[in-house]
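Novice: First, the structure itself, so that you have it in front of you.
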Amino acid sequence: MLYVFYGTDVAKSAEKARSLVASLQAKKPDAAYVRIDSDSWDPAALESHLGGQGLFSNKYIVFLDRIADDADARESLIAFAPTMKESTNIFVWLEGKGNAELKKTIEKCADKAVVSDKPVASGFPGAAGGSDKAEFNIFALADAVGARNSLKAWAIYRSAVDAGLEPESVIGTLFWQAKSMVAAARCATAAEAGLSPFVFSKAKSAAKNYSPVELRSMMTDLISIYHDSHRGLVDGELAIEKWCANLNS
């Protein structure tokens, strides 16, 4: 059985993971407890707990404490995840944000996955989906979407992720762009659309690259990605990446 706690709010994830471990220990006092962190990480040791049981107990409770930052450890965890799920022992896995591959594995293999993310300052749906990463020009992504250049949008999005921008913040920018194009397409003037003349002019031109149905679908899809990722139904990072890559379809 595999329980996973992860997200950008590491302190909250750790609190929930350790609370579960304490609860499991109280319910299963005969279970042997093993904690593995980055200093004690050994793939052979983890493998020995996948199917085995304690010498004087019925089960192991194995706490994996933030070991996926190491590339080799991450690969082993991804490989072992399906077996951890099927094991008679209990694995409690604590991580931070995690990359796309790790999140995909967690979604597929975890019996229960709990995501704890820090609040996003930009607020969605918001005015511009701003970012605390001032050095990255996120509006270049909005321009690529407006131009319906999927390859460029995908590349800029990957750069945004590498720069540390959270998917929620990126969705805010994409939603702002889609909403601006919808408003510009429907209205004759910037004042009527509720946009600045500069934004209105760019959005009006960009809207010509999409049909009215496509523009409405863009907004609906982005809202769905935002909410589904918060519910743990989809990997937000991968969903946005796919959304950008499919702009031309």
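Novice: Show me the chymotrypsin sites (Phe, Trp or Tyr not before Pro) within the stretch 1-56 that DSSP assigns to loop and that have at most 15 other Cβ atoms within 10 Å of their Cβ.
Specialist: Loop-located and lightly packed - Phe56.
Novice: Hey, what do the phi angles of the stretch 89-103 turn into as Karplus ³J(HN,Hα) couplings, whole Hz, using 6.51/-1.76/1.60 and θ = phi - 60°, x for Gly and Pro?
Specialist: Result, ordered by residue: 7, 10, 10, 10, 10, 10, 9, x, 5, x, 8, 4, 5, 5, 4 Hz.
Novice: Moving on. Over the stretch 20-121, what is the mean sequence separation of C-alpha contacts under 8 Å (at least six apart), divided by residue count, expressed as relative contact order in percent? Write down the numbers at each step before the final one.
Specialist: On the way: 118 pairs, mean separation 27.1, N = 102.
Computed over the stretch 20-121, the figure is 27 percent.
Novice: Treating only the Cβ atoms of Lys and Arg (+1) and Asp and Glu (-1) as charged, compute the dipole magnitude of the chain about its Cα centre; round to the nearest 20 debye.
Specialist: Using Cβ point charges on Lys, Arg, Asp and Glu, the chain gives about 940 debye.
Novice: Also, I was wondering about something else. Quick one: if the Förster radius is 41 Å, what FRET efficiency do Asn209 and Ile78 give, using the C-beta to C-beta distance and rounding to 0.05?
Specialist: Efficiency, from the Cβ-Cβ distance: 0.60.
Novice: In addition: Largest first and to the nearest Å, give the Cα extent of the chain along each principal axis.
Specialist: Principal axes ranked by extent give 78, 33, 30 Å for the Cα atoms.
Novice: In whole angstrom, and with the biggest value first, how far do the Cα coordinates of the stretch 171-216 range along each principal axis?
Specialist: Cα extents, longest axis first: 23, 21, 14 Å.
Novice: With the contact rule set at Cα under 8 Å and sequence spacing of 6 or more, what percent relative contact order holds for the chain?
Specialist: Values: 381 pairs, mean separation 50.0, N = 249.
About 20 percent, as a whole number.
Novice: Based solely on its DSSP helices, what 222 nm [θ] is calculated for the chain when runs of n ≥ 4 H residues each add -39,500 (n - 2.57) and the sum is averaged over all residues, nearest 500 deg cm²/dmol?
Specialist: -17500 deg cm²/dmol
Novice: Looking at Val161, Phe5, Gly236, which one has the Cα that reaches farthest to the positive end of the dipole of the chain (charges on Cβ: Lys, Arg +1; Asp, Glu -1)?
Specialist: Positive-most Cα among the choices belongs to Gly236.
Novice: Eigenvalues of the Cα gyration tensor times 5, then square-rooted: what semi-axes does that give for the stretch 139-245, in whole angstrom, largest first?
Specialist: 24, 15, 12
Novice: Restricted to Cα positions, what overall size does the stretch 2-115 have along the principal axes? Three whole-Å values, descending.
Specialist: 39, 27, 27
We did not get these values from a lab; they are worked out from the coordinates using the rules stated. Being a predicted model, the structure only gives us computed values, none of them experimental. Cβ: placed from backbone, ideal geometry, glycine included. Neighbour counts: every protein chain shown.
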